[in-house]
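The values are calculated or read from the model by the stated rules, or taken from the named source; none is laboratory data. Computed from a predicted structure; not experimentally measured. A quick note on method: Cβ atoms are made from the backbone with ideal geometry, for glycine too, and the neighbour counts reach across all protein chains shown. To get the accessible areas, we keep the full protein, side chains included, count just its heavy atoms, and leave off ligands, DNA and RNA. Shrake-Rupley method; radii C 1.70, N 1.55, O 1.52, S 1.80 Å.
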Amino acid sequence: MRLAELSGRSGVPTATIKYYLREGLLPPGERVTATQAEYGEEHVRRLGLVRALIQVGRVPVATAKEVLHAIEDASLPHDARLGIAVESLPPPRGSAVDPEVLEAAGGRVAELRNALGWDHATTSVGQEMLVTAVATLMQLGYPCSAEHLMPYARLAGELAAHDMDLVEGFETPTTQLEAAVALTVLYEPVLLGLRRMAHAEEATRRYGKGVGTRS
């Protein structure tokens, strides 16, 4: 397909596609003339990933390049490529927390990890996000002991297994990695939306109709 068709298929304006090509976010097409190139399904798929990163995930272009480079680095083992790609995604901006509280929160998270038998990714972005979140809860006086966190952690473990099942449904290692990154970005809002909907449902069951709904 030519550039105009690629734009129509992907929903990305031609000017934006040209920018992604210049920045190395999209591999070049197969040159057919001095001024025209042919593009394939891999370009449609890659544009979907780039849009997920930059437009939905608000990932800076430089960071998006790091993610895509990790995906394409065939010299690394599959799990290492997946880890680097997902870890390159920036975490949400956390609130300012007292360093002593942050250290105490790290202890609680370590206790939780030990109870779960989670021995990997001790310095991951996910761990940093969790420690900051727990520290904020501690600072504001809300419950956040390992016991309180355990139900969330167990559900997260089940979700992780489901995520990997989804990713393994894609045929090639590269498309699996692309899917893992895209789903990390795109499914986090899904989880938040479902949790809030579930809260409204549970509140209605417990306290009566009209709770958690808008007039």
Options Asp98, Asp73; residue that is charged (D, E, K, R) and more than 25 Å from Val131 (Cβ to Cβ):
Asp73
Take the residues in the range 139-156 that are touching a helix residue (DSSP H, G or I) at 6+ places or on another chain (Cβ under 8 Å) and surrounded by 13 or more Cβ atoms within 10 Å (Cβ to Cβ), then tell me which one is farthest from Ala179 (Cα to Cα).
Gln139
Of the residues in the range 93-107 that are modelled with pLDDT of 90 or more and open to solvent by 70 Å² or more (accessible area, probe 1.4 Å), the one that is nearest to the chain's Cα centre (by Cα) is Glu103
Across (1) open to solvent by less than 80 Å² (accessible area, probe 1.4 Å); (2) modelled with pLDDT under 85, Asp119 clears everything bar (1)
Residue in the range 4-16 that is assigned to a helix (DSSP H, G or I), within 21 Å of Leu186 (Cα to Cα) and open to solvent by less than 30 Å² (accessible area, probe 1.4 Å) present:
yes
Top-ranked residue of the range 33-59 - restricted to ones that are β-branched (Val, Ile, Thr), modelled with pLDDT under 85 and open to solvent by less than 70 Å² (accessible area, probe 1.4 Å), ranked as farthest from Tyr187 (Cα to Cα):
Thr33
Search the range 60-83 for residues being assigned to a loop (DSSP other than H, G, I, E, B) and modelled with pLDDT under 85, and hand back the single one that is surrounded by the fewest Cβ atoms within 10 Å (Cβ to Cβ).
Ser75
Being assigned to a helix (DSSP H, G or I), touching an Asp or Glu at 6+ places or on another chain (Cβ under 8 Å) and open to solvent by less than 50 Å² (accessible area, probe 1.4 Å) narrows it down to one residue among Leu183, Leu177; which is it?
Leu183
Based on what the data block shows, is Ala180 small (Gly, Ala, Ser) and under 19 Å from Val50 (Cα atoms)?
yes
So which residues in the range 30-51 are outside any helix (DSSP H, G or I) and without any contact (Cβ under 8 Å) to a residue 24 or more places away in the chain?
Glu30, Arg31, Val32, Thr33, Ala34, Thr35
